[in-house]
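Taking it in order: structure first as C-alpha cells, then the write-up.
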Amino acid sequence: MKKLPVIGQENNLTFEFKSLLDFANPIYLDNNATTQIDDDATNEIIKALEKNYANPSGIHNASKIVKHNILIARENVAGFIGCMPDEVIFTSGGTESINTVINSVIQTHYPRKKIITCVTEHGATLNRLKELEKLWSPKYDIVYLDVNQYGNFDINKLENMLSNNVQTNLLVTLMAANNETGTIHTNLDQAIQLSHKYGALFHIDAVQVAGKLSLKQYIDMGTDFLTVSGHKFHAPKGIGAIYVKSGIAFTPTIFGGSQESGKRAGTENVPGILALGAIAKKMPEASSYVKPLHEKFINMLSSKLPSIIINGGGVYGTINIGFKYVHREAMVLKLSEYGVYASVGSACANGIEVSHVLKAMCVSQEYIHGSVRFSLSKYTTEDEIIRAVEIIYRAYCEIRDISFGIMP
Ligand code: PLP
C-alpha cells in the first residue's frame with residue numbers, strides 16, 4: 001500500500017526553507033481578528049481578580065477602591081477617545097456597542113425609520129439592520145451605499161439618500177476603516193456634516209482604527225456615536241465602549257441596576273474595564289510603528305510574486321492580498337502548516353461564499369477566491385515579515401500547482 005502524505009511533512013523541504021520555519025514561535029498575522037494582550041492589561045486583570053474583586057456598587061471600602069479604579073479607567077478611555085468621561089459607556093465589545101447604538105436610536109426617535117449604511121460594513125451592523133428590515137411595523141427603510149474599487153463610497157450618493165424623504169432620516173452608520181481591506185472612509189467629515197444638515201444622527205464603527213489612528217479626529221468632526229472593542233488593540237475580549245456625544249438622547253436597551261449611569265445595567269466587567277483603561281492610557285497610535293513593516297511586506301511580496309494584487313488598503317497594518325487562481329482557504333491552511341497565521345478576511349467569507357466586501361469592490365474572479373488578509377500589530381517584527389514573505393511565496397507556489405486546472 002502506498003503511504004499517504006502526512007500533513008506538515010517536512011521531508012521535501014529544502015534546508016533554506018526549513019531554516020525559515022519556527023513552529024515554537026508562529027508568525028501571527030491575524031491582528032484584525034484579535035490581538036495579543038498587553039502585559040499591563042494582564043496585570044490589571046490579575047489585580048482585579050485576585051485583590052480588587054469587590055462589587056463596585058457596594059458602600060464598603062473594598063467597593064470604593066474598585067469604583068475609584070473604574071473612574072480612573074473611564075478617564076483614560078475618555079482621553080484615548082478624546083471625549084469627556086461621562087460620554088463613555090462600557091460594553092462587552094464591538095458587536096454589543098454597535099447593536100446598542102442602533103437599538104437606542106430607533107427607540108429614541110420612533111417613528112423615524114431611514115437608516116443609511118454601506119454594503120461593506122461589518123456583520124454587527126449589517127445583520128442588525130437586516131433584522132430591522134424584516135419588521136413590518138414600523139417598516140424600516142435601510143439604504144445601502146455601494147463602494148468603488150477601492151472600497152470608498154460616493155459622498156454625492158449619500159447626499160441624495162439623505163435629501164430624499166428628509167423627515168424620515170434617522171441614522172447614518174459607517175465604519176472608519178474596513179476590517180478586511182483596511183480601506184479608510186476618507187470622507188467621514190463631510191458625511192457627518194451632511195447627516196446633521198438633513199437631520200440624521202451619525203455613528204462611526206471605529207473598531208478597526210482604535211489604537212491605529214486618532215479617535216479624537218472623529219469626535220472633532222462631530223460624530224454622535226463612536227464604538228470600539230478592546231480585543232482589537234491589546235486589551236482582552238469581552239470589553240468595549242460606546243461614545244455618546246453629550247446632549248444626545250440615549251435609551252438604554254439593558255435594564256437592571258444603575259451601572260453606567262443607568263445606560264447599561266449589569267455588574268461591571270471590572271477586570272476588562274481596568275485592562276481597557278490601562279491600554280487606553282499607554283496606547284500610542286500603532287500606525288507609525290507598523291508602517292515600515294507594512295510597506296516592506298508589500299514591496300517584498302510583490303517583487304517575488306508580481307501577479308498579486310492589493311485589495312483596498314489605507315490603515316497601516318491591514319494588508320489584503322489577492323493571489324491569482326488559488327483558493328484562500330487552501331492558502332491560509334497551508335500557511336498555518338508552516339506556522340504563519342493569516343485569515344480569509346471575515347468569518348462569513350468561508351466555503352464558496354466570497355467576501356461581501358471584495359464582491360462590492362468588484363474584485364475580479366481570478367483574485368476574489370484567493371484573497372487573504374494579513375494584519376500586523378505592535379508585536380510584529382521585521383524578521384517575522386521577512387520570513388513570512390518567503391513562506392507565503394512557497395505556500396502560493398505549492399497551492400498554485402495543486403489548483404492548476406481546478407481554479408479558473
Ligand atoms: N466592527 C468591526 C469593523 C470589526 O472588525 C469587528 C470585529 O471584527 C466588530 C465590529 C465586532 O467587534 P467584536 O468582535 O468586539 O464584537
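What follows is calculated from the coordinates using simple rules that are stated; it is not laboratory data. Predicted, not measured: the structure shown is a model, and the values here were computed from it. Methodologically, a virtual Cβ is constructed for each residue, glycine included, from the backbone with ideal geometry; neighbour enumeration extends over all protein chains shown.
Within straight-line reach of Lys47, meaning a Cα separation under 16 Å, sit the following lysines at least 8 residues removed in sequence or on another chain: Lys64, Lys67. Listed by chain and number, the aspartates and glutamates whose alpha-carbon sits under 18 Å from that of Lys378, ignoring those within fewer than 8 places in the same chain, are Asp30, Asp38, Asp39, Asp40, Glu285, Glu295. Gyration tensor analysis over the Cα atoms of region 253-345 returns equivalent ellipsoid semi-axes of 40, 18, 13 Å (largest first, whole Å). Calculated FRET efficiency, Asn61 to Cys362, Cβ-Cβ distance, R0 = 60 Å: about 0.45 to the nearest 0.05.
The phi torsions of region 360-368, fed into the Karplus equation with coefficients 6.51, -1.76 and 1.60 and a -60° offset, translate into couplings of 5, 8, 6, 5, 5, 4, 4, 10, 5 Hz, rounded to whole numbers, with Gly and Pro shown as x. Computed with the Debye formula from one identical point scatterer per Cα of the chain, without solvent, the log10 of I(q)/I(0) at q = 0.13 Å⁻¹ comes to -1.11. Note on region 216-328: lysine pairs with Cα distance below 14 Å, sequence gap of 8 or more or different chains, count 4.
With semi-axes defined as the square roots of five times the eigenvalues of the C-alpha gyration tensor, the equivalent ellipsoid of region 121-175 measures 20, 17, 8 Å, largest first.
Using C-alpha pairs below 8 Å separated by at least 6 residues, the relative contact order for region 1-125 is 10 percent.
Region 300-404: which chymotrypsin sites (Phe, Trp or Tyr not before Pro) are DSSP loop and have at most 16 other beta-carbon atoms within 10 angstrom? Sites meeting the loop and neighbour criteria: Tyr379, Phe404. Put the Cα centre of region 11-61 next to the Cα centre of region 78-136 and the gap is 29 Å. Each residue of region 242-248 was assigned a 3J(HN,Hα) from its phi angle through the Karplus curve 6.51 cos²θ - 1.76 cosθ + 1.60 (θ = phi - 60°); the sequence is 10, 9, 10, 4, 3, x, 7 Hz, with glycine and proline shown as x. 3J(HN,Hα) along region 139-153: 8, 7, 10, 9, 10, 10, 7, 8, 10, 8, 5, 8, x, 9, 8 Hz, from the Karplus curve 6.51 cos²θ - 1.76 cosθ + 1.60 with θ = phi - 60°, whole Hz, x for Gly and Pro. Reported value for region 16-95: 151 Å³ per residue, from the convex hull of its C-alpha atoms.
In terms of Cα atoms, the Rg and Dmax of region 1-160 work out to 24.7, 74 Å. Amide hydrogen proximity for Asp141: with H placed 1.01 Å from N in the peptide plane, the residues at 5 or more positions away or on another chain lying under 5 Å are Lys114, Ile115. Applying both filters, DSSP loop and at most 16 other Cβ atoms within 10 Å, to the chymotrypsin sites (Phe, Trp or Tyr not before Pro) of region 238-274 gives Phe255. Straight-line cross-link partners of Lys130 among the lysines, defined as a Cα under 18 Å from its Cα and at least 8 positions apart when in the same chain: Lys113, Lys114, Lys139.
Restricting the trypsin sites (Lys or Arg not before Pro) of region 288-380 to loop positions (DSSP other than H, G, I, E, B) with no more than 10 neighbouring Cβ atoms within 10 Å leaves nothing.
In this rough spin-label picture, where each label sits 7 Å from Cα along the Cβ direction, the Ile402-Asn127 distance is 2.9 nm.
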